[in-house]
Amino acid sequence: MDTQIKNSDKKIIPEVPLKSLETLWLQVGGTLCNLECTHCFISCGPKNDTIAMMTLSQVEDRLEESESLGVKDYYITGGEVFINPEIFEILVAILRYGPLDVLTNGTKITAEKARRLREIQNASAHPLRFRVSMENFEEAANDAIRGKNSYSKAVTGIGNLAQAGFSPILTITRSWEEEQDGEMKLQFIEFLRANRVPQPQIKILPGFMLGKLAENERPYNVEERVTQACFENFDITQLQCATSRMATGEGVYVCPILVDNPRARMGNNIEETLRPFPLAHPACYTCRVTGMTCKSST
Ligand code: SF4
Ligand code: SF4
C-alpha cells in the first residue's frame, strides 16, 4: 500500500528533522521469518526474501560508520533474526559498539542458544536485551494470529532466556480496545512471572495498516495522514525518525516501519540519510496519534 501525494498537498506535509542520530536499527533478518503472522506489517514469512538478510560484513560497514556519527544504541530486527546464519557473530560485532536490543519471535531460542547468548553477554561491557513478540497469554488466541505451535515455542524460548538470566520484554501488537490496556498488562505480567522471567516487562504496540494487516483487516484511508496541523501541540522530534535510521543490506531507510517502501530509502549509507524526511506515508499517522516508538524505554 502506498499513497500518491498530489502536488497541491505537498506544502502541508510536515518534515521531520533529524534531531540527532542516537539509534541505529539493522534489518538483520530481512523479510524472512519462520512465522507468518496475520498482522505482519512487512508481510514476513518463510518465502518472503524481498529484503535479504544482512551479512556480517554489511553489518560491520554500518557499525563503523555509526561510530563516527555518534550512534548510542542499536536494535536488530527482521523477519526473524535467529534465522540469520551469522547471528551470533553479528551480536558480538554490534556489542563492541554499544547496547543492543534484539527483536525476535522467540521460537528459535533453544537452551543451547540461550547459553551461548549468556556467554556473549558475559564477554561484553554493553547490555544485550531481548524483546520477544507474542499476541496473547492464551495459546489459542496467540496461535490464531501467529500460527500453530507458535505459543508453545515462544514460551520455551522465553523460558530458555530466563534460565540464562535474561529478562525478555514481551511485545504485543494491540488486538483489543485501548481502554483494556491496564487489564491486559496485568495478565501479561502474570504470564511472564509464571514463566520465571526475573523482571517482567511488556510493551504494547499499535498495529500498522500495512502488509498483512492491510490485507486481513483494512488499509489506511485517505483521511489518515499527517498535516502541519497535527504538530501544533506535539513535538515532532518525539517521533523515532527524528533520532534513528534503519540499515538494510540494500540501503538505509528512514525507519523500521517503512523498510519495504522504496520512497523511504534515503541513501546507500547512513551519511546520505542525515537530512529531514517528509511524513507523507499514512503510517506516519499511526505514529502521530499513538505517540508510538519502537524503542524499549517507553
Ligand atoms: S510479525 Fe514478526 S514474527 Fe510475525 S511474521 Fe512478522 S516478523 Fe515474523
Ligand atoms: S512511519 Fe513513523 S517512524 Fe516512520 S517516517 Fe513515518 S512517523 Fe517516522
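The values are calculated or read from the model by the stated rules, or taken from the named source; none is laboratory data. Just so it is clear, the structure is predicted and the values come from calculations on it, not from any experiment. Note that each Cβ is placed from the backbone with ideal geometry, even for glycine, and that neighbours are counted across all protein chains shown. Protein only, heavy atoms only, side chains kept; ligands, DNA and RNA dropped before computing areas. Shrake-Rupley method; radii C 1.70, N 1.55, O 1.52, S 1.80 Å.
Overview of values
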{"read-out": "Subset of segment 119-130 [in contact with a strand residue (DSSP E or B) (Cβ under 9 Å, 6 or more places away or on another chain) and within 16 Å of N160 (Cα to Cα)]", "value": "I120, Q121, L128, R129, F130"}
{"read-out": "Residue within segment 215-227 that is open to solvent by 10 Å² or more (accessible area, probe 1.4 Å), among the aliphatic types (A, V, I, L, M) and closer than 12 Å to H281 by Cα present", "value": "yes"}
{"read-out": "Filtered residues of segment 259-284 (kept if part of a helix (DSSP H, G or I) and either within 16 Å of ligand 1 (Cβ to nearest atom) or not small (G, A, S) (or both))", "value": "P262, R263, E271, E272, T273, A283, C284"}
{"read-out": "Matching strands (runs of 3 or more DSSP E) fully within segment 124-207 where at least 3 residues are among the β-branched types (V, I, T) and open to solvent by less than 30 Å² (accessible area, probe 1.4 Å)", "value": "169-173"}
{"read-out": "Conditions (1) touching a Lys or Arg at 6+ places or on another chain (Cβ under 8 Å); (2) within 16 Å of ligand 2 (Cβ to nearest atom): number failed by G211", "value": "(1)"}
{"read-out": "Filtered residue count, segment 222-236, keeping only those that are polar (S, T, N, Q), outside any helix (DSSP H, G or I) and either within 16 Å of ligand 1 (Cβ to nearest atom) or in contact (Cβ under 8 Å) with a residue 12 or more places away in the chain (or both)", "value": "1"}
{"read-out": "Index of the failed condition, D61 passing every other in (1) under 18 Å from Y253 (Cα atoms); (2) within 13 Å of ligand 1 (Cβ to nearest atom)", "value": "(2)"}
{"read-out": "Near pairs, Cβ below 6 angstrom, 6+ apart or cross-chain, from segment 102-123 (closer than 18 Å to C37 by Cβ) to any residue that is within 16 Å of ligand 2 (Cβ to nearest atom)", "value": "L103/T77"}
{"read-out": "Qualifying positions in segment 51-84 - in a loop (DSSP other than H, G, I, E, B) and either surrounded by fewer than 22 Cβ atoms within 10 Å (Cβ to Cβ) or in contact with a Ser or Thr (Cβ under 8 Å, 6 or more places away or on another chain) (or both)", "value": "I51, A52, M54, T55, L69, G70, V71, K72, G78, G79, E80"}
